[in-house]
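Asks: Okay, here's the structure, questions in a sec.
The values are calculated or read from the model by the stated rules, or taken from the named source; none is laboratory data. Since the structure is predicted, the reported quantities are computational estimates derived from the model, not experimental observations. Because the Cβ atoms are built from the backbone with ideal geometry, glycine has one as well, and the counts that use them run over all protein chains shown. Each accessible area value is taken on the protein alone, full model and side chains, heavy atoms only, with ligands, DNA and RNA left out. Shrake-Rupley method; radii C 1.70, N 1.55, O 1.52, S 1.80 Å.
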Amino acid sequence: MSLKVAIVDDNSFLIHAIKEKLSFFEDIVIKHTALNGSELLTKLEENHNLDVILMDIEMPVLNGIESTQMVKQKYPQIKIIMLTAFDNDENIFNAIKAGADGYLLKEINPEDLYNGIKETLNGGAAMNPSIALKTLKLLRNPIDIQNPCDKEEISLSKREVEVLEQLSKGLSYTAIAENLFLSPSTVRKHIENIYKKLQVHSKMEAVQKAKNHNII
């Protein structure tokens, strides 16, 4: 029996790469490909005889999380596996809330991708080990994610927000110190506090999280 699959990704090269990975397995049939959620929904209206959708998250027009929610409302029988380059907590949490049945990273090898599809269709939930671990942590600490926006906006001081804004422009600690008339060691201290308050471990994570929550 063939497994009917759709691939949704805004990068046509990556769609081709996923097709290549699945070409090793005779029972997989690619029914649809789409460059965003809106295109997918149009194709599903024409033919929704599908088993599973491999869904990217970051897409224009209609992203993967919004698309998952809409597909699940209209075609709850279709399984959806998020196939993404990102394993950040917010994406995982939102994807699960939207109704995703699995969550895998794009770097996955063909065998594991195939097994993930089979597992999901058999009622399991395909997940990379790192994502499974993050999901467990999210379940243990739901308070951390229920309303992070309010908490983080309140907890950062005006000066910390200024430092973060400078950081987001790719400026060095020395340049930030000069711009804000601070010593480099004071800037370093502010950045340490920012990391602690935002619960992140790198500049990129701090900037991304601050943007997600409209802090900068």
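Asks: Per residue, how much accessible area does the chain have with a 1.4 Å probe, in Å²?
Replies: 54 Å²
Asks: Another question about this same structure. Given Lys97/Lys137; Lys134/Lys211; Lys43/Lys72; Lys97/Lys134; Lys74/Lys106, which pairs have Cα atoms separated by over 19 Å?
Replies: Violating the 19 Å limit, Cα to Cα: Lys134/Lys211; Lys74/Lys106.
Asks: Heavy atoms only, 1.4 Å probe, whole protein assembly: order Lys158, Lys197 by accessible area, highest first.
Replies: My answer, sorted largest first, is Lys158, Lys197.
Asks: While we're on this one: Gain in length, Ser183 to Gln77, computed as 0.36 nm per residue apart minus the alpha-carbon separation, to one decimal in nm?
Replies: So the extension gain works out to 32.3 nm.
Asks: Which FRET efficiency, nearest 0.05, do Glu46 and Arg140 yield, Cβ-Cβ r, R0 41 Å?
Replies: Calculated value: 0.45.
Asks: Let me ask something else about it. Among Thr186, Phe93, Ser67, whose Cα lies farthest out toward the positive end of the dipole of the chain, if unit charges sit on the beta carbon of Lys, Arg (+1) and Asp, Glu (-1)?
Replies: Farthest towards the positive pole: Thr186.
Asks: So how exposed is Asp112, as accessible area in Å² (1.4 Å probe, rounded to 10)?
Replies: 80 Å²
Asks: Where a ≥ b ≥ c are the square roots of the eigenvalues of the C-alpha gyration tensor, would you call the chain rounded, which needs a/c under 1.5, or, failing that, prolate if a/b is larger than b/c, or oblate?
Replies: Prolate shape, in that a/c is at least 1.5 and a/b is the bigger ratio.
Asks: Comparing Met127, Met55, Met204, which has the greatest mean-square fluctuation in the GNM of the chain with Cα pairs linked when under 10 Å apart?
Replies: Looking only at Met127, Met55, Met204, the biggest GNM fluctuation is shown by Met204.
Asks: Ile57: accessible area at probe 1.4 Å, nearest 10 Å²?
Replies: Per-residue accessible area (Ile57): approximately 10 Å².
Asks: Also, I was wondering about something else. Please report the net charge: other residues with Cβ closer than 13 Å to the Cβ of His48, K and R +1, D and E -1.
Replies: Local charge sum for His48: +3.
Asks: Still on this structure: Along Cα→Cβ, 7 Å out, is where each label goes; now give me the distance between the ones at Glu58 and Ile30 in nm to one decimal.
Replies: 2.2 nm
Asks: Take the solvent-accessible surface of the protein heavy atoms, probe 1.4 Å, and return the percent of it on the chain that carbon and sulfur atoms account for.
Replies: Reported share for carbon and sulfur atoms: 53 percent.
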